[in-house]
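Heads up: the structure comes next, in structure tokens.
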Amino acid sequence: QVRLVESGGGLVHPGGSLRLSCVASESLFTANAMGWYRQAPGKQRELVALIMGDGRTNSADSVTGRFTISRDEAGLTVYLQMNSLKPEDTALYYCNQDHIGIHYWGQGTQVTVSS
């Protein structure tokens, strides 16, 4: 069982920045990928960004150029730097670790973008 603990969410004004962190009990290097997903009220959970063990990343078109996913050297912590935040970025953000189709999830951290 992989444990994932997110932190860093909060309330921010439009145009502001936040950095989310996800600490995993198993390294990214033992998994297929780690990533961030989000779910807004009344909407389906959607992919925000992924990072693979070799450093390759992928992100949703809606956040490309504003959000950056990265990891520490051990692959135990994954970050999501979020800049130029918009109200539509408001959601519960979940960390995910994918072990070739077996997905583990954190409990989520709330991000609210509002003036």
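The values are calculated or read from the model by the stated rules, or taken from the named source; none is laboratory data. Model, not experiment: these values are computed from the prediction. For neighbour counting, all protein chains shown are included, and Cβ atoms are generated from backbone atoms with ideal geometry for every residue, glycine included. In case anyone asks, the SASA skips ligands and DNA or RNA and just uses the protein heavy atoms, side chains included. Shrake-Rupley method; radii C 1.70, N 1.55, O 1.52, S 1.80 Å.
For this structure, a couple of remarks:
- Note that the stretch 1-84 shows a convex hull volume over its alpha carbon atoms of 109 Å³ per residue.
- Here the peptides 65-72, 97-104 are ranked by packing, the mean other Cβ count within 10 Å, and the order with the highest first is 65-72, 97-104.
- Shape box of the stretch 50-97 [Cα atoms, principal axes, largest first, Å]: 33, 20, 15
- Note on Gln110 and Arg19: with the Förster distance fixed at 22 Å, the Cβ-Cβ geometry gives a FRET efficiency of about 0.90.
- Of the whole protein surface, Leu47 contributes about 60 Å² of accessible area at a 1.4 Å probe radius.
- Accessible area expressed per residue, the chain, with surrounding protein chains retained (probe 1.4 Å, Å²): 52
- Residues of the stretch 28-52 with an amide N closer than 18 Å to a point placed 7 Å from the Cα of Ser62 along the Cα-to-Cβ direction: 35-50.
- Between Glu88 and Arg3, the contour length at 0.36 nm per residue exceeds the Cα-Cα span by 27.8 nm.
- Per-atom-type breakdown for the stretch 9-115 gives carbon and sulfur 50% of the accessible area (1.4 Å probe, protein chains only).
- Full extension of the chain between Asp54 and Gln39 yields a length gain of 2.7 nm, computed as 0.36 nm times the residue separation minus the alpha carbon distance.
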